[in-house]
Amino acid sequence: MKFSPDGSKLAVTTHEGKIWLFDVQNQFAQIGKEFGKTTSFITQIDWSIDGEVIRTTDASYELLYYTVADAK
């Protein structure tokens with residue numbers, strides 16, 4: 001789990017390599033649907049400084065980037 005830099009969102013990863021986003025200011029309501037295209041379980045997750053991009057690494061050493069706005 002990792003909070004966005006401004007603390008307004010929480011990104012949570014699953015063992016299946018998916019990412020869920022939650023709105024902290026709205027009682028952790030889910031934002032959109034799960035996303036993620038990793039081939040293994042996620043080992044690290046991080047946000048860009050502006051909170052617009054999420055970066056993940058997984059057990060197969062892939063480094064993937066996702067834009068938060070469209071979850072792609």
Check your understanding: How large is ³J(HN,Hα), in whole Hz, for each residue of segment 17-27 in order, when computed from phi with the Karplus curve 6.51 cos²θ - 1.76 cosθ + 1.60 and θ = phi - 60°, using x for Gly and Pro?
Key -> x, 9, 10, 10, 10, 10, 8, 5, 6, 10, 6
Point to revise | Hz values of 3J(HN,Hα) by residue in segment 48-63 - Karplus curve (6.51, -1.76, 1.60), Gly and Pro given as x | key: 6, 4, 7, x, 9, 9, 10, 10, 10, 10, 10, 5, 9, 6, 7, 10
Revision key, fill the gap. Distance in nm between Ala71 and Ile31 label points, each 7 Å along Cα→Cβ, equals 1.2 nm
Review point. About its Cα centre, what dipole magnitude does the chain give when the only charges are +1 on Lys and Arg Cβ and -1 on Asp and Glu Cβ, stated in debye to the nearest 20?
Key: 120 debye
Practice item. Could you work out the longest stretch of the chain that avoids the chymotrypsin sites (Phe, Trp or Tyr not before Pro) located in DSSP loops with at most 16 other Cβ atoms within 10 Å? Key: 1-27
**Study point:** Cβ-Cβ FRET estimate between Ser40 and Asp6, R0 fixed at 25 Å, reported to 0.05
**Key:** 0.25
Exercise for review: Pick out, in residue order, every one of the trypsin sites (Lys or Arg not before Pro) in segment 9-38 that is DSSP loop and has at most 13 other C-beta atoms within 10 Å; say none if there are none.
Suggested key: Lys37
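Bear in mind that the values in this text are calculations on the coordinates, not laboratory data. Keep in mind the model is a prediction, meaning the values are calculated, not measured. Note that we place each Cβ from the backbone using ideal geometry, even for glycine, and neighbour counts take in every protein chain shown.
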